[in-house]
Amino acid sequence: MKKQIDEFNQTCPISIGNAGEITKVSYDNDIVTMLFTMSEVYMDFRKLADSPDKFKSMMATNLTQMQGSSRVLFNMLVDANATLVTTFIGNTTRTEISARFSTDEIRDILNNKKGVTPLDRLKSLIEITKMQFPIVAEEGITATDLYIENDNVIFVYSVDETIGNIYAISANADEIKINMTANITATPTAKRFMQAVTVCEKGLVYRYKGSATGFSVDIAFSPDELKGIAN
């Protein structure tokens, strides 16, 4: 495993898209540490750092879908009876978040002992996104909530009516939907979220609510529409 890690480090930093990069992997006293430098354009690490246990739980849920070289590495960790520490560093604030996994925890993740389903993974992504709310989408529009309702995943946005006109959004909903279609998968984070929604046969609804009037507008994408966007 040490040889594999040495060879791996020779290729670092390894890009993981706009989300960031794998900076380094080290092995010392049966502890393998993977260091990631992550973009804070899509994620507020200061908010995530406030809930390390929750972050670890959500990370474990998403690791159950590992494939390829990542799965090979995790199998090697189990064979070596090693502990894994993943450390994420925000590229702007330098905020650090670490999660430690014992050999048994790694083995359970590989075997999906908890029986994690695609819906569990979607709920995990929803929780990690909600930890960062409120998020300013653009001037006067702020993401405030995110949840599953029946067959849809609902994003809720508050529209500051001292700046924006909720009725204008309603009047131009069709045009707004066309413009949104190109942005649903604009970033790796957004694409991963949309794929998780699609796998669960859910639709996406963007619900805009006026801050003063309470008037709401839904811009909805059906599961079939999302599949078309994904393809």
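What follows is calculated from the coordinates using simple rules that are stated; it is not laboratory data. Not measured: the values here are computed from a predicted model. Positions of Cβ are generated from backbone atoms using ideal geometry, with glycine treated the same way; all protein chains shown enter the neighbour counts.
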Task: the chain: angle of helix 52-63 to the longest principal axis, Cα-based, in degrees nearest 10 - done: 80 degrees
TODO: Calculate the length of the line joining the C-alpha centroid of the stretch 208-231 to that of the stretch 1-53, in whole Å.
DONE: 35 Å
Open item on the list: I'm a student and want to see the number: the projected area of the Cα convex hull of the stretch 100-231, averaged over all directions, in nm².
Closed with: 9.5 nm²
Open item on the list: Using only the alpha-carbon atoms, how far is helix 118-130 inclined from the longest principal axis of the chain? Give it as 0 to 90 degrees, nearest 10.
Closed with: 70 degrees
- [ ] For the stretch 1-82, restrict the atom set to alpha-carbon positions and state the Rg and Dmax in Å.
- [x] 13.9, 37
Open item on the list: Taking the Cα of residue 2, stepping 7 Å toward and past its beta carbon, and measuring to each backbone N in the stretch 17-58: which are under 11 Å?
Closed with: 27-30
Task: residue 102 versus residue 218: modelled label distance in nm, points set 7 Å from Cα along the beta carbon direction - done: 4.6 nm
Task: Positive-pole candidate from 62, 85, 39, dipole of the stretch 2-116, charges at beta carbon - done: 62
- [ ] Please go through the stretch 123-174 and write out the chymotrypsin sites (Phe, Trp or Tyr not before Pro) that DSSP classes as loop and that have at most 10 other C-beta atoms within 10 Å.
- [x] none
Open item on the list: Compute for the chain: radius of gyration divided by Kirkwood radius, i.e. Rg/Rh, restricted to C-alpha atoms, rounded to two decimals.
Closed with: 1.02
TODO: Would you mind computing, in nm to one decimal, how far apart the modelled labels at residue 113 and residue 148 are, each placed 7 Å from Cα along Cα→Cβ?
DONE: 2.4 nm
Open item on the list: I'd like the orientation of helix 68-79 relative to the chain: the angle between its Cα long axis and the longest Cα principal axis, in ° from 0 to 90, rounded to 10.
Closed with: 40 degrees
Task: Residues of the stretch 78-110 with amide N under 16 Å of the 7 Å Cα→Cβ point at residue 65 - done: 110
- [ ] Sort 21-31, 99-109 for me by packing, meaning the mean count of neighbouring Cβ atoms within 10 Å per residue, highest on top.
- [x] 99-109, 21-31
Open item on the list: Defining a contact as two alpha carbons under 8 Å apart and six or more residues distant in sequence, what relative contact order in percent does the chain show?
Closed with: 15 percent
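Suppose R0 equals 35 Å. What FRET efficiency, 1/(1 + (r/R0)^6) with r the Cβ-Cβ distance, do residue 14 and residue 177 give to the nearest 0.05?
0.45
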